[in-house]
Amino acid sequence: MRERAADIWKSIRRDRGAVIGLFLVLLVAGMALAAPLAPYGPKYSDPDDMRDHPLPPSSENWLGTDKDGFDVFSRLLWGSQLSLITGLAAIALALAIGVPMGALSGYAGGKVDSFFMRSVDIMLAFPSIVLAIAIATLFKVQSVLPIIVAVGVVNIPTIARQVRASVLQAKTQEYVVAARSMGFSPVRILFRHVLPNCMAPIIVVATLGIGWAILSAAGLNFLGLGPPEDEAEWGVMLQAGFKYIDSGKQWLLVPAGAAIAVTVLGFNLLGDGLRKALDPRAR
Amino acid sequence: MLVLIARRLLIVLPMLLVMSFLVFTLVELFPGDACLVKHEKSGNQEVIDACRVEHHLEGPFFERYFAFLGRASDGDFGDAMFKNESVAELIGSKLPATIELSLFALLIAFVLGTWIGTRSALKPGSWFDALGQIVSMAGVSIPVFWLGMMVMSLFAGEGDWFEVGAWGPEKIGPGIDYSTAFLMTESLVRLEFGAFLTALKYIVLPAFTLATIPLATITRMTRSSVLEEASKDYVTTARAKGLSERRVIRHHVRRNALIPVVTITGLQLGVLLSGAVLTERVFSWPGLGTEMVEAAGMRDYPVIMGCMLFFVIVFVVVNLIVDVLYLWIDPRMRTAAD
């Protein structure tokens, strides 16, 4: 196992895209950790400040201020926390449902398989945003929670299908036949023998899924389905900044959008790199 | 082949049925009550009750679902709650704009993507190849709504060639009596080139923005497909016969390489429609996506339901067309499926 990990690490280090991806992901994670060090709080405005916001970048506010007088640079840092949490939580949710679903489908076959796979087909027959908007609308609260659930649920089919395909393949391997002949229970075989050997593709799909989840979540937030307008979240910041598009206040638009793009790019490059590292055929 | 198409059609109907049930249930579960919101000021319980009856919100769940199915099969999707229009009219006026935008974007993506992909594959490792890979990586990473904003602030200022906002018959071709809401297509068919050019001014920016999403996948797919085809024996034979490189690529490699690309292009439609909702919002495009998001905000049940259903129908129908197209392009599929 350790040898394998060293091997994967070596392959990633040699892949320029993957290195850049890893760097970008670490950068955003660093931003999220450093957010408490930001010059201002996510919703801090000076009560004595009577100036007419939004204000352009200055030495005081590096990326200017928004209409509430909040510091854009600080909100950009704080926003990385919400974006990462949303992406990770959504994929965690998709994994929590998609992995057992796909594993049972692949391992049990028959009616269980048909039932789960038809459900997956039906979910895939919706354009993802239509389903996501409907799910997000189900919630009464204005927060990231509806967005996490919506994006997570929409991601289930991809995960379930990948897991099913991997399990189908692993099921016929000799070690599984051996485990079965030793009289282990199917549940034990599935979780102790089959699934651990399907980890590689699951990790790849999950990594790429995080990027996709962050992108979709930003879109839903931009549509106003998530947190309220003063939340330090990149999609929400773009929604608020969009009202100023004709006035040339680029500091309300460029930083937040670029932050989303960089984060998603990071996860996509890293995911691609992992795929190449874990699946020698893709090299 | 007809049998195959019939078989596919037979699967589509129950699928649409299940999906209509799902849509109905989801909308049913939405919190809030549009009738309460609409008549909040009057506070008159009788008015609210009448509104609930009018919009078929009273009665047991399944009874209402089947009644809804019955009405929907007659083309009656109810009336919008906050607009003085029936849902069918609303969709009839909005769906064409979404379809024109999506198909135009798909066309741009297909033409550009297959060109970039082919050229990249012919010279792997060249600067063009590197550029193509950057473009396709950017396409899947840049938020489409943000790209739209950037494009808009760059190209759609005052005095620029492009127009931004909701197009309409009076803006595109004053004096032309449009019989459909497919404004661009109808202008072209009627040979009204002035109106067509105006329509282009409106559609180019949102369409290029939206095209970046499928462009990424199409470019990647073309590249790997051409690379694979180009290494096959028949290509070597064609070269050995002394055919020009141009002819080898155009007539031998590209034809076969494009088969998987066509499938991928069709499958991109789901992503495309999702992107369309966001792109429409940014460019205030008068399409179904904008309508659905607004209706979801106001809990306008009949409109949300209608929009969701039509997004699903478009998606399912296009997938059906792609399946049929696939059978037509690749004869091997026909025998395999028989």
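Ranked by the mean number of other Cβ atoms within 10 Å of their residues, highest first, the peptides B:68-74, B:126-132 come out as B:126-132, B:68-74.
Dipole magnitude for chain A: computed about the Cα centre from +1 point charges on Lys and Arg Cβ and -1 point charges on Asp and Glu Cβ, it is near 1780 debye.
Near B:Asp76: Cβ cut-off under 15 Å, other residues only, Lys/Arg at +1 and Asp/Glu at -1. The net charge is -3.
Across all directions, the average projected area of the convex hull around the alpha carbons of the stretch A:1-101 is 10.3 nm². Among A:124-137, B:183-196, B:258-271, sorting by the average number of other beta carbon atoms lying within 10 angstrom of each residue, highest first, gives A:124-137, B:258-271, B:183-196.
Take each peptide in A:94-100, B:141-147, A:21-27, count the other Cβ atoms within 10 Å of every residue, and average; sorted highest first, the result is B:141-147, A:94-100, A:21-27. Inter-chain neighbour count for A:119-129: the average number of beta-carbon atoms from partner chains within 10 Å of each residue's beta-carbon is 6. Over chain B, the hull volume per residue, using the convex hull of the C-alpha atoms, is 188 Å³. Between B:Thr237, B:Thr279, B:Thr209, the Gaussian network model of chain B with springs among Cα atoms under 10 angstrom shows the greatest mean-square fluctuation at B:Thr237. For chain B, the cysteines with no partner cysteine C-beta closer than 4.7 Å are B:Cys307. Counting Cβ atoms of other protein chains within 10 Å of each Cβ in A:229-240 and taking the mean gives 1. Is the C-alpha gyration tensor of the protein assembly as shown telling us rounded, prolate or oblate? Criteria: a/c under 1.5 is rounded; beyond that, a/b larger than b/c is prolate, otherwise oblate. It comes out rounded by the Cα gyration axes. Take the stretch B:170-327, drop everything but the C-alpha atoms, weight them equally and run the Debye formula without solvent; then report log10 I(q)/I(0) at 0.12 Å⁻¹ to two decimals. So the normalised log intensities are -0.75. Of all the options B:Met305, B:Met15, B:Met149, the one that moves most in a Gaussian network model of chain B with Cα springs shorter than 10 angstrom is B:Met15.
The Rg/Rh ratio of the stretch B:38-126, with Rg taken over Cα atoms and Rh as the Kirkwood radius over Cα pairs, comes to 1.35.
Dipole magnitude for chain B: computed about the Cα centre from +1 point charges on Lys and Arg Cβ and -1 point charges on Asp and Glu Cβ, it is near 2140 debye. Reported value for the stretch A:66-155: 108 Å³ per residue, from the convex hull of its C-alpha atoms. Which one of B:Glu291, B:Glu229, B:Glu280 has the biggest mean-square fluctuation once chain B is modelled by GNM with Cα springs under 10 Å? Evaluated over chain B, the most mobile residue of the options is B:Glu229. Taking a sphere under 15 Å around the Cβ of A:Gly241 and counting the other residues whose Cβ falls inside, with K and R at +1 and D and E at -1, yields a net charge of -3. For the set B:Lys41/B:Lys83; A:Lys67/B:Lys41; A:Lys140/A:Lys249, the pairs lying more than 25 angstrom apart at their alpha carbons are A:Lys67/B:Lys41; A:Lys140/A:Lys249.
Largest first, the extents of the alpha carbon coordinates of chain A on the three principal axes equal 78, 44, 28 Å. The orientation-averaged projected area of the convex hull spanned by the Cα atoms of the stretch A:133-241 comes to 8.2 nm².
Mean projected area of the convex hull spanned by the Cα atoms of the stretch B:146-225, taken over all viewing directions: 7.1 nm².
A short reminder: the numbers here are calculations on the coordinates, not readings from a lab. Predicted, not measured: the structure shown is a model, and the values here were computed from it. Quick reminder, even Gly has a Cβ in these numbers, built from the backbone with ideal geometry, and neighbours come from all protein chains shown.
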